[in-house]
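**Student:** Submitted below is the structure of interest, expressed as structure tokens.
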Amino acid sequence: MKVLRDRLRPAGRLSVGPARPDEAPAIGDILSDWIDETDWMPRIHRRDEEQGFAAELVRRGWVSVARRGGAVQGFLARDGHEVVALYVARGARGQGVGRRLIERAQRRAARLELWTFQFNHAARSFYEGHGFIEVARTGGARNDEKLPDIKYLWEKRR
């Protein structure tokens, strides 16, 4: 049984810290790959545009990345109290990467807010499990994808 557990356990320790400029392509790939594998998500930007978007987020200093063995496993972009993006690479999902990223953001802020799509049941469950509460819903008129979305809020307990 121990041998099986060791095979399933990812190699290397997970670390979280600020993104480096040379990690922007990996960050862009994680975002693009998620769009490609999500059947309800329309592709409205080319992959090279998403690479540019990732590079800009990193340039602004908004991105924290989770690394294992030097490879980017996931990222969280935050502008002040707004979580702009949180994505985990397909092979790293379910291994605590998203949890480490959101908990780091929660330790560093008194309040966080974010939007997620109503169709993204996994994200909704994840955020609610980390203390976020739904504060608004829209039909998607204000987002680029035109998909119904939900605004979530988290506040540090005093």
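**Student:** Quick one: order Ile133, Ile35 by neighbouring beta-carbon count within 10 Å, fewest to most.
**Tutor:** Arranged by neighbour count, lowest to highest, Ile133, Ile35 become Ile133, Ile35.
**Student:** Under the definition of Cα pairs under 8 Å and six or more residues apart, what whole-number percent is the relative contact order of segment 13-155?
**Tutor:** Once divided by the residue count of segment 13-155, the mean separation gives 20 percent.
**Student:** I've got another one for you. With the chain treated as a Gaussian network of Cα nodes joined by springs under 10 Å, which of Gly98, Gly61, Gly69 yields the largest mean-square fluctuation?
**Tutor:** Among Gly98, Gly61, Gly69, the largest mean-square fluctuation in the Gaussian network model of the chain belongs to Gly69.
**Student:** In nm², what is the average projected area of the convex hull enclosing the Cα atoms of the chain?
**Tutor:** 10.4
Read the figures in this text as sums done on the coordinates, not as results from a lab. Note that the coordinates shown come from a computational prediction; the quantities given were computed from them, not determined experimentally. FYI the Cβ positions are ideal-geometry reconstructions off the backbone, even for glycines, and counts take in every protein chain you see.
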